[in-house]
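Have a look at the structure below, then the notes.
No value in this document is a laboratory result; all are computed from the given coordinates. This is a predicted model, so every value here is computed, not measured.
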């Protein structure tokens, strides 16, 4: 059975959503992340979006771009859905604006997913981009493996307007980032990966590939606590070249961070 989902997006923004059709023994979980700052597209940075069903019933309320902008997980039956992201042109009305993103999504029973509306590398229009804005709808299945008693999980994603990156971590940033070590190399835009650590504070940073070492980190580092037996998501969004107001002084770049158990 197939249903349509409509994500409503504020002027050239993206947000992603996944809903699902009828009955399954165990629902799927979908976390929707709004990862497009408006200033990267020449608009107001806070671009609120609405997430709606195709019939116009509202699924999620208005969401603005900010440092932590992930909606609470949705629980839905397994199935395939058409997703649309629409402009939020009227706060008093839902599903009224033009669609800027549209894509199908399939979710399986008992599994957890993350859906991210984000800028593409070089602002090249993605498959879901309806207006040629340089955005796309990205999705991945969360790592559901058991987390050890003294361990924590970090899911690191590259959803920024930037080339492929290397991802680094460290207990302390240190002078010139010399205590950082490489986790993943050559991670392209739209991809996330996870790794388990002992719980506690960590620094995470991204270096544009190819890089000679951690001193080349240009995105971050950001200091993030990892909770025991929880999955902390650290997703790079925005643009290194466009916009303003980044806490790192790098265009409209930012990290979206949130923790799930």
*What fraction of the Cα pairs in segment 59-202, stated in percent, has a spacing above 26 angstrom?*
37 percent
*Extension gain residue 218-residue 230, at 0.36 nm per residue separation less the Cα-Cα distance, in nm?*
1.6 nm
_Rg(Cα)/(2.2 N^0.38 Å) for segment 151-260, N = residue count_ = 0.98
*Tally the DSSP beta bridges in segment 151-260 and give the antiparallel ones as a percent, rounded to 5.*
80 percent
